[in-house]
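Read through the structure below, which is laid out as C-alpha coordinates, and then see the notes.
The values are calculated or read from the model by the stated rules, or taken from the named source; none is laboratory data. All values reported here derive from a predicted model rather than from experimental measurement. Because the Cβ atoms are built from the backbone with ideal geometry, glycine has one as well, and the counts that use them run over all protein chains shown. For the accessible areas, the whole protein counts, side chains as well, though only heavy atoms, and no ligand, DNA or RNA atoms are used. Shrake-Rupley method; radii C 1.70, N 1.55, O 1.52, S 1.80 Å.
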Amino acid sequence: MDNLETRFFNPGMTTAQILALGEPLIEMVRLADQIDGRPAYRQSVGGDTLNALVAAARQGGATGYLSAVGSDPFGEDILALCDHEGIDRSNILVRPEDPTGVNFIHPHPEGRRFFYARRGSAASHYSVSDLPQGAIANARILHVSAVSLAISPEMRRAVLQAAKLAKDSETLVSFDLNLRLNLWSLDTARQTIAAFLPLADIVLPSDDEANTLLGTCDPKAQIAHFQRHGARYVLLKRGRQGAVLATSVDQFEIRAPQADAVDSTGAGDSFAGAFLAYLLETGNETEAARRAAIVAAGTVSGYGAIEAIPDRTTVLKTAV
(Lines give C-alpha, C1' and ligand atoms only; values in the text may rest on other atoms or scores of the structure.)
Protein backbone atom coordinates (compact mmCIF):
# COMPACT_ATOMS: atom_id res chain seq x y z
CA MET A 1 0.00 0.00 0.00
CA ASP A 2 1.04 3.63 -0.39
CA ASN A 3 2.13 5.64 2.61
CA LEU A 4 -1.14 6.70 4.22
CA GLU A 5 0.71 7.89 7.30
CA THR A 6 2.60 10.47 5.25
CA ARG A 7 -0.36 11.46 3.11
CA PHE A 8 -3.09 11.67 5.71
CA PHE A 9 -1.72 12.01 9.24
CA ASN A 10 -0.58 15.42 10.43
CA PRO A 11 -0.73 15.84 14.21
CA GLY A 12 -0.23 19.60 13.86
CA MET A 13 -3.45 20.16 11.91
CA THR A 14 -6.23 22.07 13.66
CA THR A 15 -8.94 21.42 11.07
CA ALA A 16 -10.97 18.23 11.25
CA GLN A 17 -9.33 15.30 9.49
CA ILE A 18 -12.40 13.09 9.89
CA LEU A 19 -15.71 14.71 9.00
CA ALA A 20 -19.04 12.95 9.30
CA LEU A 21 -22.35 13.92 7.74
CA GLY A 22 -25.56 12.56 9.22
CA GLU A 23 -28.13 12.92 11.97
CA PRO A 24 -27.35 13.15 15.68
CA LEU A 25 -30.07 11.81 17.94
CA ILE A 26 -31.12 11.92 21.53
CA GLU A 27 -31.14 8.34 22.81
CA MET A 28 -33.67 7.11 25.30
CA VAL A 29 -32.30 3.79 26.56
CA ARG A 30 -34.84 1.55 28.27
CA LEU A 31 -33.67 0.34 31.66
CA ALA A 32 -34.18 -3.09 33.15
CA ASP A 33 -35.78 -1.55 36.25
CA GLN A 34 -39.20 0.09 36.20
CA ILE A 35 -40.60 3.08 38.07
CA ASP A 36 -44.03 2.54 39.61
CA GLY A 37 -44.52 -0.43 37.27
CA ARG A 38 -43.82 1.61 34.17
CA PRO A 39 -40.82 1.53 31.78
CA ALA A 40 -37.92 3.79 32.71
CA TYR A 41 -35.47 5.35 30.25
CA ARG A 42 -32.05 6.95 30.54
CA GLN A 43 -31.29 9.86 28.24
CA SER A 44 -28.07 9.92 26.24
CA VAL A 45 -26.80 11.13 22.86
CA GLY A 46 -26.20 9.01 19.76
CA GLY A 47 -26.84 8.66 16.04
CA ASP A 48 -24.65 6.38 13.94
CA THR A 49 -22.33 8.99 12.42
CA LEU A 50 -21.97 10.86 15.70
CA ASN A 51 -21.19 7.58 17.48
CA ALA A 52 -18.42 7.01 14.97
CA LEU A 53 -17.00 10.48 15.57
CA VAL A 54 -16.99 9.98 19.33
CA ALA A 55 -15.02 6.76 18.86
CA ALA A 56 -12.57 8.47 16.52
CA ALA A 57 -12.16 11.44 18.86
CA ARG A 58 -11.47 9.19 21.86
CA GLN A 59 -8.68 7.56 19.86
CA GLY A 60 -7.09 10.97 19.28
CA GLY A 61 -8.57 11.76 15.87
CA ALA A 62 -9.34 15.33 14.83
CA THR A 63 -13.06 15.21 14.09
CA GLY A 64 -15.89 17.46 12.95
CA TYR A 65 -19.60 17.07 12.31
CA LEU A 66 -21.81 18.30 9.48
CA SER A 67 -25.46 18.26 10.55
CA ALA A 68 -28.34 20.23 12.03
CA VAL A 69 -30.16 20.18 15.37
CA GLY A 70 -33.21 21.92 16.73
CA SER A 71 -33.11 24.97 18.93
CA ASP A 72 -34.29 22.92 21.87
CA PRO A 73 -32.79 21.31 24.98
CA PHE A 74 -32.04 18.13 23.02
CA GLY A 75 -30.06 20.12 20.45
CA GLU A 76 -28.18 21.82 23.26
CA ASP A 77 -27.30 18.41 24.72
CA ILE A 78 -25.85 17.29 21.38
CA LEU A 79 -23.75 20.43 21.03
CA ALA A 80 -22.51 20.02 24.60
CA LEU A 81 -21.57 16.40 23.89
CA CYS A 82 -19.52 17.52 20.88
CA ASP A 83 -17.72 20.10 23.02
CA HIS A 84 -17.04 17.52 25.72
CA GLU A 85 -15.62 15.01 23.21
CA GLY A 86 -13.56 17.58 21.30
CA ILE A 87 -15.61 17.27 18.10
CA ASP A 88 -15.65 20.43 16.02
CA ARG A 89 -19.32 21.46 15.83
CA SER A 90 -18.83 24.77 14.02
CA ASN A 91 -20.62 23.27 11.00
CA ILE A 92 -23.64 22.01 12.93
CA LEU A 93 -26.62 24.21 12.06
CA VAL A 94 -29.24 25.14 14.65
CA ARG A 95 -32.77 25.33 13.22
CA PRO A 96 -35.29 27.05 15.54
CA GLU A 97 -38.27 25.80 13.53
CA ASP A 98 -37.38 22.07 13.54
CA PRO A 99 -37.00 19.51 16.36
CA THR A 100 -34.05 17.32 17.23
CA GLY A 101 -34.64 13.62 16.48
CA VAL A 102 -35.05 11.01 19.21
CA ASN A 103 -34.17 7.30 19.19
CA PHE A 104 -35.71 4.85 21.68
CA ILE A 105 -33.47 1.84 22.34
CA HIS A 106 -34.33 -1.50 23.91
CA PRO A 107 -30.89 -2.95 24.78
CA HIS A 108 -29.93 -6.37 23.47
CA PRO A 109 -26.49 -8.04 23.52
CA GLU A 110 -26.58 -8.85 19.80
CA GLY A 111 -29.71 -7.59 18.06
CA ARG A 112 -30.87 -4.09 17.12
CA ARG A 113 -34.14 -2.78 18.54
CA PHE A 114 -34.60 0.89 17.67
CA PHE A 115 -37.76 3.01 17.56
CA TYR A 116 -37.44 6.48 16.07
CA ALA A 117 -39.22 9.81 16.60
CA ARG A 118 -37.36 11.77 13.94
CA ARG A 119 -39.79 12.70 11.15
CA GLY A 120 -39.32 16.36 10.19
CA SER A 121 -36.18 16.66 12.31
CA ALA A 122 -33.68 19.48 11.79
CA ALA A 123 -31.14 17.11 10.24
CA SER A 124 -33.69 15.76 7.76
CA HIS A 125 -33.84 19.24 6.21
CA TYR A 126 -30.08 19.43 5.71
CA SER A 127 -29.50 20.29 2.03
CA VAL A 128 -26.80 20.73 -0.58
CA SER A 129 -26.71 24.48 0.10
CA ASP A 130 -25.72 23.75 3.72
CA LEU A 131 -22.52 21.91 2.78
CA PRO A 132 -19.24 23.63 3.85
CA GLN A 133 -17.18 22.91 0.76
CA GLY A 134 -13.92 24.14 2.28
CA ALA A 135 -14.20 21.86 5.30
CA ILE A 136 -14.84 18.86 3.06
CA ALA A 137 -11.91 19.74 0.81
CA ASN A 138 -9.56 20.11 3.80
CA ALA A 139 -10.62 16.87 5.49
CA ARG A 140 -8.86 13.57 4.97
CA ILE A 141 -11.95 11.39 5.34
CA LEU A 142 -15.67 12.06 4.91
CA HIS A 143 -17.76 9.48 6.76
CA VAL A 144 -21.43 8.84 5.97
CA SER A 145 -23.87 5.96 6.27
CA ALA A 146 -26.94 4.52 4.64
CA VAL A 147 -28.92 6.20 7.43
CA SER A 148 -27.54 9.52 6.19
CA LEU A 149 -28.94 8.63 2.77
CA ALA A 150 -32.27 7.37 4.10
CA ILE A 151 -33.62 10.05 6.40
CA SER A 152 -34.89 12.40 3.65
CA PRO A 153 -34.48 13.22 -0.06
CA GLU A 154 -32.85 16.54 0.93
CA MET A 155 -30.21 14.88 3.08
CA ARG A 156 -29.71 12.21 0.41
CA ARG A 157 -28.84 14.83 -2.19
CA ALA A 158 -26.51 16.52 0.31
CA VAL A 159 -24.69 13.26 1.05
CA LEU A 160 -24.21 12.49 -2.65
CA GLN A 161 -22.93 15.98 -3.34
CA ALA A 162 -20.63 15.89 -0.31
CA ALA A 163 -19.13 12.61 -1.53
CA LYS A 164 -18.57 14.09 -4.99
CA LEU A 165 -16.88 17.13 -3.46
CA ALA A 166 -14.71 14.82 -1.38
CA LYS A 167 -13.64 12.80 -4.41
CA ASP A 168 -12.76 16.00 -6.29
CA SER A 169 -10.55 17.00 -3.34
CA GLU A 170 -8.93 13.56 -2.88
CA THR A 171 -10.69 13.23 0.46
CA LEU A 172 -11.42 9.57 1.20
CA VAL A 173 -15.09 8.64 1.44
CA SER A 174 -16.09 6.15 4.15
CA PHE A 175 -19.51 4.48 3.98
CA ASP A 176 -21.09 2.43 6.77
CA LEU A 177 -23.89 0.17 5.56
CA ASN A 178 -26.25 0.87 8.43
CA LEU A 179 -29.34 -0.51 6.71
CA ARG A 180 -32.53 0.59 8.52
CA LEU A 181 -35.59 -0.61 6.64
CA ASN A 182 -37.92 1.35 8.91
CA LEU A 183 -36.57 4.45 7.17
CA TRP A 184 -37.00 3.37 3.53
CA SER A 185 -37.95 0.40 1.38
CA LEU A 186 -35.48 -2.29 0.41
CA ASP A 187 -35.87 -1.42 -3.29
CA THR A 188 -35.10 2.26 -2.65
CA ALA A 189 -32.17 1.30 -0.45
CA ARG A 190 -30.72 -0.96 -3.13
CA GLN A 191 -31.03 1.66 -5.86
CA THR A 192 -29.63 4.49 -3.74
CA ILE A 193 -26.75 2.50 -2.29
CA ALA A 194 -25.81 1.16 -5.73
CA ALA A 195 -25.59 4.74 -7.00
CA PHE A 196 -23.47 5.79 -4.01
CA LEU A 197 -20.98 2.91 -3.85
CA PRO A 198 -18.75 4.08 -6.74
CA LEU A 199 -17.98 7.14 -4.61
CA ALA A 200 -16.90 5.10 -1.56
CA ASP A 201 -13.25 4.27 -0.81
CA ILE A 202 -13.97 2.50 2.49
CA VAL A 203 -17.09 0.37 2.95
CA LEU A 204 -18.11 -1.07 6.31
CA PRO A 205 -21.05 -3.51 6.00
CA SER A 206 -22.25 -5.89 8.66
CA ASP A 207 -22.80 -9.43 7.44
CA ASP A 208 -26.51 -9.49 8.27
CA GLU A 209 -27.16 -6.14 6.55
CA ALA A 210 -25.17 -7.21 3.52
CA ASN A 211 -27.26 -10.38 3.41
CA THR A 212 -30.45 -8.32 3.40
CA LEU A 213 -29.16 -5.92 0.76
CA LEU A 214 -27.55 -8.47 -1.56
CA GLY A 215 -29.53 -11.63 -0.91
CA THR A 216 -26.46 -13.72 -0.06
CA CYS A 217 -24.89 -14.78 3.23
CA ASP A 218 -21.61 -15.77 1.57
CA PRO A 219 -18.95 -13.39 2.97
CA LYS A 220 -16.76 -13.77 -0.13
CA ALA A 221 -19.64 -12.76 -2.37
CA GLN A 222 -20.53 -9.86 -0.10
CA ILE A 223 -16.98 -8.53 -0.11
CA ALA A 224 -16.62 -9.03 -3.86
CA HIS A 225 -19.77 -7.01 -4.48
CA PHE A 226 -18.40 -3.93 -2.74
CA GLN A 227 -14.97 -4.34 -4.31
CA ARG A 228 -16.53 -4.44 -7.78
CA HIS A 229 -17.90 -0.98 -7.12
CA GLY A 230 -14.38 0.29 -6.41
CA ALA A 231 -13.97 0.10 -2.64
CA ARG A 232 -10.34 0.32 -1.60
CA TYR A 233 -11.05 -1.25 1.81
CA VAL A 234 -13.99 -3.44 2.76
CA LEU A 235 -14.47 -4.27 6.43
CA LEU A 236 -17.14 -6.92 6.87
CA LYS A 237 -18.35 -6.72 10.47
CA ARG A 238 -19.44 -10.10 11.85
CA GLY A 239 -20.28 -9.50 15.51
CA ARG A 240 -18.83 -12.16 17.80
CA GLN A 241 -16.96 -13.61 14.82
CA GLY A 242 -14.91 -10.46 14.44
CA ALA A 243 -14.42 -8.88 11.04
CA VAL A 244 -12.87 -9.50 7.66
CA LEU A 245 -10.64 -6.80 6.23
CA ALA A 246 -10.34 -6.96 2.46
CA THR A 247 -7.96 -4.88 0.36
CA SER A 248 -7.31 -5.04 -3.36
CA VAL A 249 -4.58 -7.66 -2.81
CA ASP A 250 -5.46 -9.64 0.32
CA GLN A 251 -7.95 -10.45 3.10
CA PHE A 252 -7.37 -10.62 6.85
CA GLU A 253 -9.41 -12.14 9.65
CA ILE A 254 -9.79 -9.72 12.54
CA ARG A 255 -10.50 -11.50 15.80
CA ALA A 256 -13.19 -10.17 18.13
CA PRO A 257 -11.79 -9.67 21.63
CA GLN A 258 -13.74 -11.37 24.40
CA ALA A 259 -16.44 -9.16 25.85
CA ASP A 260 -19.32 -9.43 28.31
CA ALA A 261 -21.88 -8.06 25.89
CA VAL A 262 -24.96 -6.34 27.30
CA ASP A 263 -25.96 -3.96 24.48
CA SER A 264 -24.84 -4.02 20.84
CA THR A 265 -25.99 -0.45 20.18
CA GLY A 266 -23.24 1.56 18.48
CA ALA A 267 -20.74 -1.31 18.24
CA GLY A 268 -20.42 -1.12 14.46
CA ASP A 269 -20.34 2.67 14.58
CA SER A 270 -17.52 2.71 17.12
CA PHE A 271 -15.62 0.13 15.04
CA ALA A 272 -15.91 2.40 12.01
CA GLY A 273 -14.79 5.55 13.79
CA ALA A 274 -11.86 3.87 15.51
CA PHE A 275 -10.73 2.26 12.26
CA LEU A 276 -10.67 5.62 10.50
CA ALA A 277 -8.73 7.30 13.30
CA TYR A 278 -6.10 4.56 13.51
CA LEU A 279 -5.84 4.23 9.73
CA LEU A 280 -4.89 7.90 9.49
CA GLU A 281 -2.49 7.63 12.40
CA THR A 282 -0.68 4.42 11.53
CA GLY A 283 -1.19 4.00 7.78
CA ASN A 284 -1.61 0.29 8.58
CA GLU A 285 -5.10 -1.00 7.81
CA THR A 286 -4.71 -4.32 9.65
CA GLU A 287 -3.48 -2.68 12.84
CA ALA A 288 -6.26 -0.11 12.55
CA ALA A 289 -8.84 -2.90 12.24
CA ARG A 290 -7.42 -4.80 15.23
CA ARG A 291 -7.62 -1.71 17.41
CA ALA A 292 -11.12 -0.98 16.09
CA ALA A 293 -12.21 -4.46 17.19
CA ILE A 294 -11.03 -3.66 20.71
CA VAL A 295 -13.10 -0.48 20.66
CA ALA A 296 -16.20 -2.35 19.49
CA ALA A 297 -15.75 -4.99 22.20
CA GLY A 298 -15.59 -2.28 24.82
CA THR A 299 -18.69 -0.61 23.42
CA VAL A 300 -20.92 -3.69 23.74
CA SER A 301 -19.86 -4.07 27.37
CA GLY A 302 -21.99 -1.08 28.42
CA TYR A 303 -25.42 0.37 27.73
CA GLY A 304 -26.07 2.97 25.05
CA ALA A 305 -24.07 3.93 22.02
CA ILE A 306 -21.27 6.08 23.44
CA GLU A 307 -20.90 5.72 27.21
CA ALA A 308 -18.78 2.56 27.04
CA ILE A 309 -16.61 3.46 24.03
CA PRO A 310 -13.03 3.01 25.30
CA ASP A 311 -10.45 5.72 24.90
CA ARG A 312 -7.03 5.56 23.27
CA THR A 313 -5.13 4.72 26.45
CA THR A 314 -7.32 1.72 27.16
CA VAL A 315 -7.13 0.49 23.58
CA LEU A 316 -3.36 0.73 23.32
CA LYS A 317 -2.90 -1.12 26.61
CA THR A 318 -5.17 -3.89 25.36
CA ALA A 319 -3.51 -4.02 21.95
CA VAL A 320 -0.04 -4.73 23.39
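Rounded to the nearest 500, what is the 222 nm mean residue ellipticity of the chain from helices alone, with -39500 (n - 2.57) per DSSP H run of 4+ residues and division by all residues? Mind dumping the intermediate values first?
Numbers: 12 runs with 124 residues, N = 320.
Dividing the helical sum by the residues of the chain leaves -11500 deg cm²/dmol.
Among 52-60, 161-169, 182-190, 205-213, what's the highest-first ranking by average C-beta atoms within 10 angstrom per residue?
Values: 52-60: 28.8, 161-169: 18.8, 182-190: 13.8, 205-213: 20.4.
Result, highest mean Cβ count within 10 Å first: 52-60, 205-213, 161-169, 182-190.
Give the lysines reachable from K220 as a straight Cα distance under 19 Å; neighbours fewer than 8 places away on the same chain don't count.
Partners within reach: K237.
Percent relative contact order of segment 183-256, based on C-alpha pairs within less than 8 angstrom and at least six residues apart? Show your work: numbers first, answer last.
Details: 103 pairs, mean separation 19.0, N = 74.
This gives 26 percent for segment 183-256.
Give the distance, in whole Å, between the Cα centre of segment 129-183 and the Cα centre of segment 50-104.
If you average the Cα positions of each part, the centres end up 16 Å apart.
With the other protein chains left in place, how much accessible area per residue, in square angstrom, belongs to segment 51-196 at a 1.4 angstrom probe?
On a per-residue basis, segment 51-196 sits at 40 Å².
In a GNM of the chain with a 10 Å cut-off on Cα contacts, which of G70, G215, G22 has the highest mean-square fluctuation?
Among G70, G215, G22, the largest GNM mean-square fluctuation belongs to G215.
Under the classification rounded if a/c is under 1.5, otherwise prolate if a/b is larger than b/c and oblate if not, where does the chain fall, given a ≥ b ≥ c as square roots of the Cα gyration tensor eigenvalues?
Cα axes put the chain in the rounded bin.
Roughly how many whole Å is it from the C-alpha centroid of segment 242-320 to that of segment 201-218?
Spelled out, the Cα-based centre of one part sits 18 Å from the other.
Please give the length that would be gained between R232 and K167 if that part of the chain were fully extended, namely 0.36 nm times their separation in residues minus their C-alpha to C-alpha distance (nm, one decimal).
Details: separation 65, 0.36 × 65 = 23.40 nm, distance 1.32 nm.
Taking 0.36 nm per residue and subtracting the Cα distance, the gain is 22.1 nm.
Of all accessible surface on segment 208-282 at a 1.4 Å probe, what whole percent is carbon and sulfur?
Numbers: 1520 of 3200 Å².
With neighbouring chains kept in place, the figure for segment 208-282 is 47 percent.
Nearest 5 percent is fine: what portion of the DSSP beta bridges confined to segment 173-298 is antiparallel? Don't jump to the answer; show the numbers that get you there.
On the way: 8 of 14 bridges.
Of the beta bridges lying entirely in segment 173-298, close to 55 percent run antiparallel.
If the cut-off is a Cα-Cα distance under 15 Å, which aspartates and glutamates reach K317, setting aside same-chain residues fewer than 8 apart in sequence?
Here the aspartates and glutamates satisfying the reach criterion relative to K317 are E287.
Cross-link candidates for K167: which aspartates and glutamates have Cα within less than 14 Å, leaving aside residues fewer than 8 places away along the same chain?
List returned: D201.
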